[in-house]
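Enquirer: One structure, pasted below without further comment.
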Amino acid sequence: MNSKQMLGIVEQYCRKITSTYEEIKVTRIADWKTMFVEQTGESGQSVMLDEYKVDGKTCWAGYSTRSQTVYISMAV
């Protein structure tokens, strides 16, 4: 996933509150998070979130290649 695709997903979510983008699932997590631990069975993987600003709103988002999921945390 490149930064342009990620920005498009974040903008679409922030403006329309959609839960999918093509084949990628979008999941909102708790507000003000900058990291998320994705659980897979008995193990987990940390997903680092980057800051994005959309229409004056700040959010954090990161992509998991394992589950093909974008995790979004709002910071408003």
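A short reminder: the numbers here are calculations on the coordinates, not readings from a lab. Just so it is clear, the model here is predicted, and its values are computed rather than measured. Neighbour counts are summed over all protein chains in view; Cβ atoms, including those assigned to glycine, are modelled from backbone coordinates with ideal geometry.
Enquirer: Would you calculate the separation in nanometres between label points at Gln12 and Gln45, each defined as 7 Å from the Cα along the Cα-to-beta-carbon direction?
Expert: 2.1 nm
Enquirer: Here are a few candidate values for mean projected area of the Cα convex hull in nm²: (1) 4.8; (2) 5.6; (3) 5.3. Which one was actually calculated from the structure I just gave you?
Expert: Matching entry in (1) 4.8; (2) 5.6; (3) 5.3: (1).
Enquirer: What 222 nm value per residue comes from the helices of the chain, counting each DSSP H run with n ≥ 4 as -39,500 (n - 2.57) and dividing by all residues, nearest 500 deg cm²/dmol? Walk me through the numbers on the way to the answer.
Expert: Details: 1 runs with 14 residues, N = 76.
Only helices count here, giving -6000 deg cm²/dmol.
Enquirer: How far is helix 3-16 tilted, in degrees, relative to the longest principal axis of the Cα atoms in the chain, given as a value from 0 to 90 rounded to the nearest 10?
Expert: Between helix and principal axis, roughly 70 degrees.
Enquirer: List nothing, just return the count: lysine pairs in the chain, 8 or more apart or interchain, with Cα separation under 20 Å.
Expert: 10
Enquirer: What is the packing order of peptides 64-73, 37-46, 23-32, taking the mean over residues of other C-beta atoms within 10 Å and listing the highest first?
Expert: Numbers: 64-73: 16.8, 37-46: 9.5, 23-32: 13.1.
Descending packing order for the listed peptides: 64-73, 23-32, 37-46.
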